[in-house]
Amino acid sequence: MPNCDFYANSTDFQLIINFILKDLECKIYESYSDYEKPISEFHSFEELNDKYSILKNEMKNNVYLQIYNPKASKNLKFRKIELDPNKCDGFKFRYSCDGWGLIQLYLGKLENNILKNSHTNHNSEKRASKWENIHENSLGKIHEWDWKIVNSTSRKLNRFIKNQSKDKINSRYILPEAFKLLKSEAKFA
């Protein structure tokens with residue numbers, strides 16, 4: 001399964017990030033940099049927590065990450081995005097982390113006792129091939145990615161999330177810390 005929808009909070013995210021870094025031996029980057037800053041790479045959950053205050057439930061927004069398995073390709077891209085300073089408080093650029101075989105990990109935040117869902121997903125080789133001609137200049141060739149490794153990494157991540165879950169709402173898994181919120185009558189979005 002290329003995607004996985006789930007509910008998680010604070011220490012659930014810590015479990016997932018540690019699994020990605022240690023067991024999957026992947027790298028974690030933010031999807032988009034802050035304005036006029038380079039892309040951040042997170043070498044530990046502590047670094048991620050320092051930036052986003054995950055354990056204190058003080059995430060200002062959902063957190064968008066890219067999971068990169070270096071065994072899948074050497075073709076990771078950091079693309080500069082030009083911005084309109086009139087629409088971005090005077091800022092002129094930011095960066096994105098791009099690659100055909102990256103795995104997206106979106107961490108949903110808790111706000112006003114409502115927990116937003118979290119999500120994993122990645123391109124399939126078939127989908128990437130449909131877009132290759134349009135994005136070849138910015139993303140390179142899809143054959144530069146080992147899709148077996150991409151798929152295997154994604155399956156292992158999704159299986160880990162599923163195995164950590166305590167319950168399920170429809171197709172969304174509920175991890176332990178989120179399960180406590182559910183029991184305390186928090187709402188899930």
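The values are calculated or read from the model by the stated rules, or taken from the named source; none is laboratory data. Treat the numbers as computed from the prediction; the structure is a model and nothing was measured. Methodologically, a virtual Cβ is constructed for each residue, glycine included, from the backbone with ideal geometry; neighbour enumeration extends over all protein chains shown. Areas reflect the complete protein model, heavy atoms only, side chains present, ligands, DNA and RNA absent. Shrake-Rupley method; radii C 1.70, N 1.55, O 1.52, S 1.80 Å.
Condition first: assigned to a helix (DSSP H, G or I), exposed (fewer than 13 other Cβ atoms within 10 Å of the Cβ) and without any contact (Cβ under 8 Å) to a residue 60 or more places away in the chain. Now tell me which residues in region 19-45 satisfy that.
Matches in region 19-45: Lys22 only.
May I ask you to verify whether Asn57 is in a loop (DSSP other than H, G, I, E, B), modelled with pLDDT of 95 or more, open to solvent by 50 Å² or more (accessible area, probe 1.4 Å) and not hydrophobic (A, V, I, L, M, F, W, C)?
no
If you check Gln104 against the conditions, is it in contact with an Asp or Glu (Cβ under 9 Å, 6 or more places away or on another chain) and closer than 19 Å to Cys4 by Cα?
Spelling it out, it is not the case that Gln104 is in contact with an Asp or Glu (Cβ under 9 Å, 6 or more places away or on another chain) and closer than 19 Å to Cys4 by Cα.
Looking only at residues in region 153-176 that are modelled with pLDDT under 95 and not in a strand (DSSP E or B), which one is surrounded by the fewest Cβ atoms within 10 Å (Cβ to Cβ)?
So the residue we want is Asn170.
What number of residues within region 177-189 are assigned to a loop (DSSP other than H, G, I, E, B) and either in contact with a helix residue (DSSP H, G or I) (Cβ under 7 Å, 6 or more places away or on another chain) or surrounded by fewer than 14 Cβ atoms within 10 Å (Cβ to Cβ) (or both)?
3
Of all residues being more than 13 Å from the chain's Cα centre (by Cα) and of a type outside the set (S, T, N, Q) in region 9-18, which is least open to solvent (accessible area, probe 1.4 Å)? Just the residue, please.
Asp12
From the list Lys109, Lys116, Lys162, which residue is under 18 Å from the mean Cα position of the chain (by Cα), within 20 Å of Phe42 (Cβ to Cβ) and charged (D, E, K, R)?
After applying the criteria, what remains is Lys109.
I need the full set of residues from region 109-144 which are under 16 Å from Lys71 (Cβ atoms) and modelled with pLDDT of 95 or more, in order please.
Once the filter is applied, which keeps residues that are under 16 Å from Lys71 (Cβ atoms) and modelled with pLDDT of 95 or more, region 109-144 yields only His122.
Identify all residues within region 125-152 that are surrounded by 14 or more Cβ atoms within 10 Å (Cβ to Cβ) and within 20 Å of the chain's Cα centre (by Cα); write none if there are none.
Glu125, Ala128, Leu139, Trp145, Asp146, Trp147, Ile149, Val150, Asn151, Ser152
Looking at (1) within 25 Å of Asn18 (Cβ to Cβ); (2) open to solvent by 20 Å² or more (accessible area, probe 1.4 Å); (3) among the charged types (D, E, K, R), which is the one condition that is false for Lys109?
If we test Lys109 against (1) within 25 Å of Asn18 (Cβ to Cβ); (2) open to solvent by 20 Å² or more (accessible area, probe 1.4 Å); (3) among the charged types (D, E, K, R), just (2) comes out false.
Quick check, is Lys71 touching a residue at least 24 places away in the same chain (Cβ under 8 Å), of a type outside the set (A, V, I, L, M), farther than 22 Å from Glu36 by Cα and open to solvent by less than 20 Å² (accessible area, probe 1.4 Å)?
no
What number goes with the only condition from (1) open to solvent by less than 70 Å² (accessible area, probe 1.4 Å); (2) touching a Cys at 6+ places or on another chain (Cβ under 9 Å) that Arg79 does not pass?
(1)
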